[in-house]
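Undergrad: First the structure, which I've put down as structure tokens, then a few questions once you've had a look.
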Amino acid sequence: NQIIQLCHIYFCHNHPITSDQCQAGKTYEPSDNFLPNQRFAELVRQWSGLSNNLFIYEYYALGGWSKTNMLWPMVHTMRHDIPFYRDCGARGFYTQVGNWPSSPLNYYIAAKLAWNADLNVDWLIDDFCTAFFQEAAEPMKAYLTGLEDTMVKSDQCISYGLRQGSAKRLGPKIFDQPTCDQLRKLLDDAASRAKSDDVKQRIQPIRDAFDACEASVLEMTAGK
């Protein structure tokens, strides 16, 4: 009757759990508070073989990273991770929550995949953007998928366990000036297309989160 709840903390949150992309000296510097995702995948498989009551505790709002106002898109990992949990027999799933404008897709996609891990994630993104942003759907989809692409391109491990110094080291590299300029242009386009008050009110908090991220990066850069 015991429930085993595995917490995906002190592991990487920027690479899929089943990938081999976490590489010491390349994507992370060894730390006493961090292990690569390869180890977490082993733990999930081991516990799934020992209990029929496996639960997962995720972190789709990463405290150490978001506390520095960094944007935190994670659809690029959860589209692989949640089906992996399902395939390993996980019966329960929970994620911490945080400031939604810094990662507008995270909770929507996580909720959908928790109900049905076989859903088409690209279709879900289209559906979300069309319904939520309406006339501004095109540039907002480009903004949100652009954030995902930026994190994938960075190919760096980001984790609560790597929180000390990682934001100051990685933030300016991931959200460099050309990237911020491109993302800002998309948000400007979305704002110009927004006609209804509802759409304007949905875009504004996302723009505020982006502005806070950019300001934080500039502050980090100036402090070097």
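Quick note: the coordinates plus some simple rules give every number you see, no bench work behind them. In this text, all values refer to a predicted model and were calculated from it rather than measured experimentally. Neighbour counts are summed over all protein chains in view; Cβ atoms, including those assigned to glycine, are modelled from backbone coordinates with ideal geometry.
Undergrad: Relative to the first principal axis of the alpha-carbon coordinates of the chain, what is the inclination of helix 163-174, with its axis defined by its Cα atoms, in degrees from 0 to 90 and to the nearest 10?
TA: For 163-174 against the chain, the angle is about 50 degrees.
Undergrad: Consider just the alpha-carbon atoms of region 125-224 and return their Rg together with their Dmax, both in angstrom.
TA: 14.8, 43
Undergrad: Out of residues 5 or more away from Q23 or on other chains, whose amide H comes under 5 Å of its own, with H placed 1.01 Å from N in the peptide plane?
TA: Y28
Undergrad: Okay, moving on. For the chain, find the longest principal axis of its Cα atoms and tell me its angle to the long axis of helix 137-154, 0 to 90°, nearest 10.
TA: Its long axis makes an angle of about 50 degrees.
Undergrad: Given a Förster radius of 45 Å and the C-beta distance between K185 and Q46 as r, what FRET efficiency does 1/(1 + (r/R0)^6) yield to the nearest 0.05?
TA: Step by step, r from the Cβ atoms, then E = 0.45.
Undergrad: Compute the length gained on full extension between K26 and D198: take 0.36 nm times their separation in residues and subtract their Cα-Cα distance, giving the result in nm to one decimal.
TA: 57.5 nm
Undergrad: Once the Cβ-Cβ distance between D122 and T221 is put in as r, and R0 is 25 Å, what FRET efficiency do you end up with, to the nearest 0.05?
TA: With R0 = 25 Å, the Cβ-Cβ based efficiency is 0.15.
Undergrad: Let me ask you something else. Would you mind getting the Kirkwood hydrodynamic radius of region 70-110 from its Cα pairs, rounded to one decimal in Å?
TA: It is 11.1 Å.
Undergrad: Putting +1 on Lys and Arg Cβ atoms and -1 on Asp and Glu Cβ atoms, find which of F34, G146, V121 reaches farthest to the positive end of the dipole of the chain.
TA: Checked the options; the winner is F34.
Undergrad: A follow-up question, please. Taking each pair of different alpha-carbon atoms in the chain once, compute 1/r for the pair, average those values, and report the inverse of that mean as the Kirkwood hydrodynamic radius in Å to one decimal.
TA: It is 18.2 Å.
Undergrad: A follow-up question, please. Give me Rg over Rh for region 20-128, both radii from the alpha carbons and Rh done the Kirkwood way, two decimal places.
TA: On the Cα set of region 20-128, Rg over Rh gives 0.97.
Undergrad: Ok, one more. How many angstrom lie between the C-alpha centres of region 1-19 and region 43-64?
TA: Each part's Cα centre sits 4 Å from the other's.
Undergrad: Please get the size of the charge dipole for the chain, origin at its Cα centre, with Cβ charges of +1 on Lys and Arg and -1 on Asp and Glu, quoted in debye to the nearest 20.
TA: 440 debye
Undergrad: Where the centroid of each part is defined by its Cα atoms, how far is region 67-87 from region 154-224 in Å?
TA: Using only Cα atoms, the two centres lie 18 Å from each other.
Undergrad: Counting only pairs 8 or more places apart or on different chains, how many lysine pairs in the chain have C-alpha atoms closer than 20 Å?
TA: Value for the chain: 19.
Undergrad: Here is a further query. Principal axis lengths of region 40-83 from Cα atoms, whole Å, largest first?
TA: Dimensions of region 40-83 along the principal axes of its Cα atoms: 39, 19, 16 Å.
Undergrad: With a point put 7 Å past each Cα toward its Cβ, work out how far R207 is from H80 in nm, to one decimal.
TA: 3.5 nm
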